[in-house]
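The values are calculated or read from the model by the stated rules, or taken from the named source; none is laboratory data. All values reported here derive from a predicted model rather than from experimental measurement. Cβ atoms come from the backbone with ideal geometry, glycine included; neighbour counts cover every protein chain shown.
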Amino acid sequence: MLLVTPLFLYANSQQKTIVEKAISLKLYDSHVWKNLLHVKGNKPSINHPSFLCSFPKFSLKNELKMTIESFFNTKVKDDKSTICKYPARYVWLKDQLSLTDRDFPTVNCKSFNQYLEKTGAENLKLVFVSENTTSPSSMMGHIFFKLSGIDKKNIKREHAVSFFTVIDTLNIPSLLVQSTITGMKGFFLLRPYKEQVDRYLKEENRNIWEYTLNLSKGEKQLIYFHFWELKDVKIKYLFTGFNCATIVHDMLSMGSIKLENNYHLWITPKDVIKDAKKNKIIKNVSLKASNKWQIKMLLDELKESKNTMFLNNSYYHDIKSFNNLKYSHDIKTMYLEKELLLSYTEYMYHNNEINSTVFDNIHKIIEIKKTNVKNDYMLDLIKYKNPLNTFNDTQASLAYVYKNNKKYLGLSFLPASNTLFDDNREYFGESDLKIMAFNILANKYKIKLDSFDLYSMKSLVPWDTFTGGVSSALKLNYESHYDKKLGDFKAYNISVGLGYTKQFFNDIFVYSLLNVGIGYGKSEIYAYFYPEIGLLMYEVFDMKTILNYKYIYNQHNSNDGYYDISMEQSIFLDKKMRIGIGIDYKSIYEKDQINYIFSLNYFF
């Protein structure tokens, strides 16, 4: 007792001194501490005893105090020690307080050290996976980290570290409550990088953008160590509050106060890479392109080609036909045609349409020799459809609206992501994706909710003879429907559509969709359908025109249909402002109606 008691008293004194110093320096107010705890305002996004020492009485200051005190809990040994559980907090606090390992109890973090040895944690990259608007869980893309290095056995290791959820229900009301209020089960996983990338590239035909990060060794170490802190934590995934983009943004913000100060109502994967680029965290970028994406790109480049025989002759299962193909005489065009065939061959192989023998033989026949021609005509994939060049995901608009012979002031807000009227030239095809968007109309008599889109998607994928392409639409919303006298009423609506889109040159799209829906309005449930055709055209001076025609049948069980013809002209002032001028004409029997809108949209 005479030997142990002085050591115990010294440990308590040391612990008290460190806590007092940390509080006097107000480390609990540091942006690093807040992001290590994933705190917004004063509320932790991960509010669980598996992550917080101060649960359930959390505060930034209390968590700091109890974290330091837990480091001195000598009853919990080695791997179970909080020094091993929270290595990022530990090394950061040591650095801020100018302390060393000798100032804390000695522990052997065997499991944590094995993690570092097996992953070879040396290099860190930010990875963006292109969006897939037909999938609710990936409609705005995905963001995660790539961890790479040489392990203890001198073997190169590459891992993906990502946060995601799994949508395993078709119960829309339940999904809405879980994804926005109660939270869904979140998974924070480390898995082989090649395994994850192959799934995105080959199975889902999505592009992989890798961004090398301009971070110091200490900043990267903090992120490596924080991965470990999250591995066994129970995390709730909230689609609008704590998603893959939120957790990655928090980690990058540990090293950059500027990134932390970039406010977003809703952080999306594209917000993360744009903020990183804006604050010079990105050094360089590389692209792993899917075969389908390369085919679409090369077809765009060959739109002006006069070799229509080549462009239409796409299903080459007979190897001999490759020897008889007639390429263009122009050297550049010939090179692009051969690149297209190679990409399509790989696409067919990955889709099990040809076997490996046919694949190898085709490559030998159309092999592109390493000459100056290839160097002269290589396409810059990085600049083609770059996610960094897209408009921001959030927008608000103020509008003058003339509807149903009444004048209104219109206010619209789209938390995420884009509309058909926006500049979508950095996407393949045209898309309309609205999540929790609303439109309010007001005049001197009343204010009313005109529409609310819980989830609305329209994906106009241009069809081509190589990969096909189906256009689709889905709406879960609250909107105006019309009876046989063109009287509007509000209805809860769900509708789906399938169709075909054709792209002419690079600036003109013609599309058609057949839509069916179920509505509930005026205390009645009814089924209806409407075919639609449209034209989208980008013009000089940064303008875009959309023409749309619909014939809508049987809304409100009327057994009648009405015509709806609309046009909207968009004028893009810059990356943040759009002017919209629209007109809508509806007609049934001898009755018609004309509505107008003039809007100013701001993207942020």
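Laid out as a table, the results:
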item	result
Residue match in the range 123-141 (condition: over 18 Å from the mean Cα position of the chain (by Cα) and either aliphatic (A, V, I, L, M) or surrounded by 15 or more Cβ atoms within 10 Å (Cβ to Cβ) (or both))	yes
Residue among 438, 391, 421 that alone is in a loop (DSSP other than H, G, I, E, B), modelled with pLDDT of 95 or more and not polar (S, T, N, Q)	421
Qualifying residue in the range 406-413 (condition: under 20 Å from residue 495 (Cβ atoms) and either of a type in the set (S, T, N, Q) or modelled with pLDDT of 90 or more (or both))	no
Residue check, residue 237 under 27 Å from residue 396 (Cβ atoms), under 19 Å from the mean Cα position of the chain (by Cα) and surrounded by fewer than 19 Cβ atoms within 10 Å (Cβ to Cβ)	no
Scope the range 176-198; condition crowded, with 19+ Cβ neighbours inside 10 Å, assigned to a helix (DSSP H, G or I) and either assigned by TED's automatic domain parsing to the domain that holds residue 454 or in contact (Cβ under 8 Å) with a residue 12 or more places away in the chain (or both); matching residues	179, 193, 196, 197
Candidate set: the range 5-54, residues that are outside any helix (DSSP H, G or I) and modelled with pLDDT under 90; chosen: the one surrounded by the fewest Cβ atoms within 10 Å (Cβ to Cβ)	41
Set 130, 54, 50, 59: member being over 28 Å from residue 212 (Cα atoms), in contact (Cβ under 8 Å) with a residue 40 or more places away in the chain and of a type in the set (Gly, Ala, Ser)	50
Of the criteria (1) of a type outside the set (D, E, K, R); (2) modelled with pLDDT of 80 or more; (3) part of a helix (DSSP H, G or I), which one residue 287 fails	(3)
Residue that is nearest to residue 529 (Cα to Cα), among those in the range 564-604 that are loosely packed, with under 14 Cβ neighbours inside 10 Å and of a type in the set (Lys, Arg)	591
Filter pass, residue 201 being in a helix (DSSP H, G or I), in contact with a Ser or Thr (Cβ under 8 Å, 6 or more places away or on another chain) and without any contact (Cβ under 8 Å) to a residue 40 or more places away in the chain	no
Candidates 599, 570, filtered to the one that is of a type in the set (Ser, Thr, Tyr), touching a Ser or Thr at 6+ places or on another chain (Cβ under 7 Å) and at pLDDT 95 or above	599
Test: residue in the range 31-50 that is among the hydrophobic types (A, V, I, L, M, F, W, C) and over 26 Å from residue 262 (Cα atoms)	no
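A quick yes/no check of all residues on (1) surrounded by 21 or more Cβ atoms within 10 Å (Cβ to Cβ); (2) of a type in the set (A, V, I, L, M):
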residue	(1), (2)
225	yes, no
232	no, no
251	yes, yes
263	no, no
266	no, no
286	no, no
292	yes, no
